[in-house]
Amino acid sequence: MSPTEDDYKEPDVRRKLAILAILIILPGSQAIARKKLDWQTGKLTRINSKVDGAVALPIAGMIVAKQIREWVYVVETDSMIYQFERKSQSPLNVTVNAHVKFAVEKSGKAFLLDDAGKRYRVVILRKIAKDSKP
């Protein structure tokens, strides 16, 4: 007995339903997995940069080298001074001597919000406690 057209449709329908279910569940699970961050406000006092290497990219049949810079953002709060690092070609869209929002997780991950409110992952280079006055 040879398979009929209906025999081929049923697995195809199940596969499409499974894919649809995954597409519906996946965005929700990512939102649950994304923790609510404890945002703080500090003053961005300085931005430093240095060349941290280069990367070669093939563009239109040619190899083009791009510099990678290491950007260090110094953020001051009432009790701490943080130095955050991000490697990229250009600095974040932030204003020196203005307030910036940032979050530091216990795991060591950190995030900065730029002036447009876009979130960027940064590395904590240093945390310096300010002297408390007795």
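The values are calculated or read from the model by the stated rules, or taken from the named source; none is laboratory data. Owing to the predicted nature of the structure, the values given are computational and were not obtained by experimental measurement. Virtual Cβ from ideal backbone geometry, glycine too; neighbours counted across all protein chains shown.
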Does region 86-97 contain at least one residue that is outside any loop (DSSP other than H, G, I, E, B), in the same structural domain as K43 (by TED's automatic domain parsing) and surrounded by 14 or more Cβ atoms within 10 Å (Cβ to Cβ)?
-> yes
Tell me, please, whether a residue that is at pLDDT below 65, exposed (fewer than 10 other Cβ atoms within 10 Å of the Cβ) and either aliphatic (A, V, I, L, M) or not in a strand (DSSP E or B) (or both) can be found in region 33-52.
-> yes
Give region 65-78 a look and list any residue that's over 16 Å from D38 (Cα atoms) and part of a loop (DSSP other than H, G, I, E, B), or say none.
-> D78
L92: more than 23 Å from K36 (Cα to Cα) and not charged (D, E, K, R), yes or no?
-> no
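Just to be sure before I move on: is K118 within 14 Å of the chain's Cα centre (by Cα) and at pLDDT 85 or above in the structure I sent?
yes
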Which ones in region 56-87 are in contact with an Asp or Glu (Cβ under 9 Å, 6 or more places away or on another chain) and at pLDDT 85 or above?
-> R69, E70, W71, V72, Y73, Y82, E85, R86, K87
When K106 is run through (1) assigned to a strand (DSSP E or B); (2) surrounded by fewer than 16 Cβ atoms within 10 Å (Cβ to Cβ); (3) among the charged types (D, E, K, R), the failure sits at (1)
